[in-house]
Amino acid sequence: MTAIIDYDAGNLKSVEKALCALGEQPVITRDPKVLCEAERVILPGVGAFADAMGKLEQYGLCSVIREIVEKKIPFLGICLGLQLLFDSSEEGEGVSGLSLLPGKIVRIPEAKGMKVPHMGWNSLSLRPNSRLFEGVADGSYVYFVHSYYLKAERESDVAACTEYGVSIHAAVERDNLFACQFHPEKSGDVGLQILSNFLKMK
(Lines give C-alpha, C1' and ligand atoms only; values in the text may rest on other atoms or scores of the structure.)
Protein backbone atom coordinates (compact mmCIF):
# COMPACT_ATOMS: atom_id res chain seq x y z
CA MET A 1 0.00 0.00 0.00
CA THR A 2 1.18 3.48 -0.90
CA ALA A 3 0.33 6.32 1.49
CA ILE A 4 0.05 9.98 0.48
CA ILE A 5 0.73 12.37 3.36
CA ASP A 6 -2.20 14.73 4.01
CA TYR A 7 -1.02 18.02 5.51
CA ASP A 8 -3.51 20.38 3.80
CA ALA A 9 -1.20 20.97 0.81
CA GLY A 10 -2.54 21.10 -2.71
CA ASN A 11 -2.10 18.44 -5.37
CA LEU A 12 -3.03 15.36 -3.32
CA LYS A 13 -5.87 14.35 -5.64
CA SER A 14 -3.89 14.57 -8.88
CA VAL A 15 -1.16 12.37 -7.37
CA GLU A 16 -3.83 9.93 -6.18
CA LYS A 17 -5.41 9.88 -9.66
CA ALA A 18 -2.07 9.15 -11.36
CA LEU A 19 -1.35 6.27 -8.96
CA CYS A 20 -4.83 4.84 -9.55
CA ALA A 21 -4.14 4.94 -13.32
CA LEU A 22 -1.17 2.66 -12.59
CA GLY A 23 -3.40 0.18 -10.73
CA GLU A 24 -2.40 1.33 -7.25
CA GLN A 25 -4.98 2.07 -4.54
CA PRO A 26 -3.27 4.78 -2.47
CA VAL A 27 -4.45 6.04 0.91
CA ILE A 28 -4.43 9.77 1.73
CA THR A 29 -3.75 10.05 5.46
CA ARG A 30 -1.95 11.80 8.27
CA ASP A 31 -2.31 8.83 10.65
CA PRO A 32 1.23 8.04 11.95
CA LYS A 33 0.49 4.32 12.30
CA VAL A 34 -0.79 3.99 8.73
CA LEU A 35 2.14 6.01 7.36
CA CYS A 36 4.77 3.99 9.23
CA GLU A 37 3.22 0.69 8.11
CA ALA A 38 2.90 1.69 4.43
CA GLU A 39 5.07 0.03 1.79
CA ARG A 40 5.80 3.42 0.24
CA VAL A 41 5.07 7.03 1.20
CA ILE A 42 4.64 10.17 -0.95
CA LEU A 43 4.90 13.78 0.25
CA PRO A 44 3.30 15.92 -2.49
CA GLY A 45 2.83 19.64 -2.20
CA VAL A 46 1.93 22.95 -3.75
CA GLY A 47 2.24 26.03 -1.56
CA ALA A 48 4.68 28.01 0.56
CA PHE A 49 7.63 26.49 2.44
CA ALA A 50 7.01 28.09 5.86
CA ASP A 51 3.26 27.33 5.84
CA ALA A 52 3.93 23.71 4.87
CA MET A 53 6.51 23.20 7.62
CA GLY A 54 4.02 24.73 10.07
CA LYS A 55 1.35 22.22 9.00
CA LEU A 56 3.76 19.27 9.26
CA GLU A 57 4.66 20.37 12.80
CA GLN A 58 1.00 21.04 13.71
CA TYR A 59 0.04 17.49 12.72
CA GLY A 60 3.11 15.92 14.35
CA LEU A 61 4.34 14.67 10.98
CA CYS A 62 7.98 15.82 11.07
CA SER A 63 9.04 13.03 13.42
CA VAL A 64 6.86 10.54 11.52
CA ILE A 65 8.58 11.42 8.22
CA ARG A 66 12.01 11.03 9.83
CA GLU A 67 10.97 7.64 11.20
CA ILE A 68 9.74 6.51 7.76
CA VAL A 69 13.04 7.51 6.15
CA GLU A 70 15.10 5.89 8.93
CA LYS A 71 13.15 2.65 8.43
CA LYS A 72 14.22 2.75 4.74
CA ILE A 73 10.59 2.81 3.55
CA PRO A 74 10.66 4.19 -0.03
CA PHE A 75 9.76 7.89 0.22
CA LEU A 76 9.01 10.30 -2.64
CA GLY A 77 8.79 14.09 -2.33
CA ILE A 78 7.06 16.01 -5.15
CA CYS A 79 7.53 19.76 -5.85
CA LEU A 80 7.20 21.47 -2.44
CA GLY A 81 7.62 17.96 -1.01
CA LEU A 82 11.17 17.95 -2.41
CA GLN A 83 11.97 21.37 -0.96
CA LEU A 84 10.83 20.41 2.55
CA LEU A 85 13.39 17.60 2.70
CA PHE A 86 16.25 20.10 2.76
CA ASP A 87 17.70 22.50 5.35
CA SER A 88 16.10 25.84 4.51
CA SER A 89 14.40 27.98 1.87
CA GLU A 90 14.66 31.64 0.90
CA GLU A 91 10.85 31.49 0.70
CA GLY A 92 10.64 31.01 4.48
CA GLU A 93 13.54 32.83 6.11
CA GLY A 94 14.32 31.50 9.58
CA VAL A 95 12.20 28.36 9.11
CA SER A 96 14.09 25.07 9.19
CA GLY A 97 13.24 22.28 6.79
CA LEU A 98 13.34 18.58 7.61
CA SER A 99 17.11 18.44 6.91
CA LEU A 100 16.90 14.87 5.61
CA LEU A 101 19.32 15.86 2.85
CA PRO A 102 21.85 18.72 2.89
CA GLY A 103 21.12 21.71 0.69
CA LYS A 104 19.04 24.85 0.42
CA ILE A 105 16.15 26.18 -1.65
CA VAL A 106 16.77 29.50 -3.42
CA ARG A 107 14.68 31.79 -5.63
CA ILE A 108 14.99 31.46 -9.39
CA PRO A 109 16.82 34.63 -10.50
CA GLU A 110 15.10 37.08 -12.82
CA ALA A 111 16.54 36.84 -16.34
CA LYS A 112 15.53 38.14 -19.74
CA GLY A 113 12.89 35.90 -21.28
CA MET A 114 12.65 33.80 -18.12
CA LYS A 115 9.36 34.20 -16.27
CA VAL A 116 9.10 33.44 -12.57
CA PRO A 117 7.32 31.29 -11.53
CA HIS A 118 8.78 28.78 -13.94
CA MET A 119 5.75 27.06 -15.48
CA GLY A 120 6.05 24.61 -18.32
CA TRP A 121 7.85 21.66 -19.86
CA ASN A 122 11.61 21.29 -19.54
CA SER A 123 13.98 18.52 -20.51
CA LEU A 124 15.94 16.53 -17.94
CA SER A 125 19.60 15.64 -17.92
CA LEU A 126 19.63 12.30 -16.11
CA ARG A 127 22.27 10.67 -13.94
CA PRO A 128 23.13 7.18 -15.20
CA ASN A 129 21.81 4.21 -13.19
CA SER A 130 19.12 6.19 -11.34
CA ARG A 131 16.46 3.80 -10.05
CA LEU A 132 13.75 6.47 -10.21
CA PHE A 133 14.41 7.17 -13.90
CA GLU A 134 14.86 3.60 -15.10
CA GLY A 135 13.45 3.31 -18.63
CA VAL A 136 13.24 7.11 -19.01
CA ALA A 137 15.27 8.57 -21.88
CA ASP A 138 17.80 11.30 -21.17
CA GLY A 139 16.34 14.59 -22.42
CA SER A 140 12.75 13.60 -21.62
CA TYR A 141 10.39 16.50 -20.89
CA VAL A 142 8.51 16.94 -17.60
CA TYR A 143 6.21 19.62 -16.20
CA PHE A 144 7.41 22.24 -13.69
CA VAL A 145 5.58 24.88 -11.63
CA HIS A 146 7.86 26.66 -9.13
CA SER A 147 9.57 29.92 -8.16
CA TYR A 148 12.28 28.37 -5.97
CA TYR A 149 14.77 25.63 -6.77
CA LEU A 150 17.13 23.24 -5.06
CA LYS A 151 20.87 23.68 -4.69
CA ALA A 152 21.88 20.31 -3.24
CA GLU A 153 25.07 20.20 -1.20
CA ARG A 154 26.09 16.75 -2.43
CA GLU A 155 26.38 16.19 -6.16
CA SER A 156 25.95 12.47 -5.48
CA ASP A 157 22.34 13.11 -4.32
CA VAL A 158 21.33 14.67 -7.65
CA ALA A 159 19.51 12.30 -10.03
CA ALA A 160 18.41 14.86 -12.66
CA CYS A 161 19.04 18.48 -13.64
CA THR A 162 17.32 20.99 -15.89
CA GLU A 163 18.23 24.45 -17.17
CA TYR A 164 16.09 27.54 -16.62
CA GLY A 165 18.47 30.48 -16.59
CA VAL A 166 20.42 28.53 -13.98
CA SER A 167 21.17 24.85 -13.49
CA ILE A 168 18.35 23.42 -11.36
CA HIS A 169 18.66 20.21 -9.37
CA ALA A 170 15.38 18.71 -10.59
CA ALA A 171 15.45 15.36 -8.76
CA VAL A 172 17.36 13.67 -5.96
CA GLU A 173 17.91 10.08 -4.95
CA ARG A 174 19.72 8.65 -1.93
CA ASP A 175 19.05 5.14 -0.64
CA ASN A 176 15.24 4.92 -0.40
CA LEU A 177 14.70 8.70 -0.38
CA PHE A 178 13.60 10.19 -3.71
CA ALA A 179 12.23 13.58 -4.74
CA CYS A 180 11.27 15.55 -7.87
CA GLN A 181 10.92 19.32 -8.23
CA PHE A 182 8.68 18.71 -11.24
CA HIS A 183 5.25 17.06 -11.20
CA PRO A 184 5.41 13.45 -12.45
CA GLU A 185 1.63 13.21 -12.04
CA LYS A 186 1.27 15.99 -14.66
CA SER A 187 4.08 14.84 -16.96
CA GLY A 188 2.28 12.38 -19.24
CA ASP A 189 3.78 8.98 -20.01
CA VAL A 190 7.22 10.00 -18.75
CA GLY A 191 5.75 10.95 -15.38
CA LEU A 192 3.77 7.72 -15.17
CA GLN A 193 6.99 5.77 -15.85
CA ILE A 194 8.70 7.59 -12.97
CA LEU A 195 5.78 6.88 -10.62
CA SER A 196 5.68 3.27 -11.80
CA ASN A 197 9.38 2.95 -10.96
CA PHE A 198 8.69 4.32 -7.49
CA LEU A 199 5.87 1.81 -6.95
CA LYS A 200 8.38 -0.99 -7.54
CA MET A 201 10.74 0.26 -4.81
CA LYS A 202 11.21 -2.00 -1.80
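If you take the C-alpha gyration tensor of segment 75-132, multiply each eigenvalue by 5 and take the square root, what semi-axes do you get, largest first, in whole Å?
On the way: eigenvalues 90, 82, 18 Å².
Gyration-tensor ellipsoid for segment 75-132: 21, 20, 9 Å.
Looking at the P(r) of segment 1-88, how many percent of alpha-carbon pairs lie beyond 20 Å?
26 percent
Leaving out ligands, DNA and RNA but keeping every protein chain, what accessible area does GLU155 have, in Å² rounded to the nearest 10, with a 1.4 Å probe?
Surface open to solvent at GLU155 totals about 130 Å².
Accessible area, 1.4 Å probe, largest first: how do LYS55, LYS151, LYS202, LYS33 sort?
Working: LYS55 65, LYS151 95, LYS202 195, LYS33 130 Å².
So the residues, ranked largest to smallest area, are LYS202, LYS33, LYS151, LYS55.
To the nearest 500 deg cm²/dmol, what mean residue ellipticity at 222 nm is calculated for the chain from DSSP H runs of n ≥ 4 alone, each contributing -39,500 (n - 2.57), summed and divided by the residues?
-7000 deg cm²/dmol
Convex hull over the Cα atoms of segment 82-195, averaged projected area in nm²?
Convex hull of Cα atoms, orientation-averaged projection: 6.7 nm².
Determine the order of ASP138, ASP87, ASP157 by accessible area, beginning with the largest, at a probe radius of 1.4 Å.
Numbers: ASP138 105, ASP87 50, ASP157 0 Å².
Most to least solvent-accessible, the answer reads ASP138, ASP87, ASP157.
Is the shape of segment 157-202 rounded, prolate or oblate, going by the alpha carbon gyration tensor and its root eigenvalues a ≥ b ≥ c, with a/c under 1.5 for rounded and a/b larger than b/c for prolate?
oblate
Taking a probe of 1.4 angstrom, what is the accessible area of THR29 in Å², to the nearest 10?
For THR29, the solvent-accessible surface is approximately 20 Å².
Past 24 Å, Cα to Cα: identify those pairs from LYS151/LYS202; LYS104/LYS202; LYS13/LYS55; LYS72/LYS186; LYS17/LYS200, in the order given. Before the final figure, lay out the partial values.
Details: LYS151/LYS202 28 Å; LYS104/LYS202 28 Å; LYS13/LYS55 18 Å; LYS72/LYS186 27 Å; LYS17/LYS200 18 Å.
Beyond 24 Å between Cα atoms: LYS151/LYS202; LYS104/LYS202; LYS72/LYS186.
The values are calculated or read from the model by the stated rules, or taken from the named source; none is laboratory data. Quick caveat, the model's predicted, so the values are computed rather than measured. Heads up: the accessible areas ignore ligands, DNA and RNA and are worked out on the full protein's heavy atoms, side chains in. Shrake-Rupley method; radii C 1.70, N 1.55, O 1.52, S 1.80 Å.
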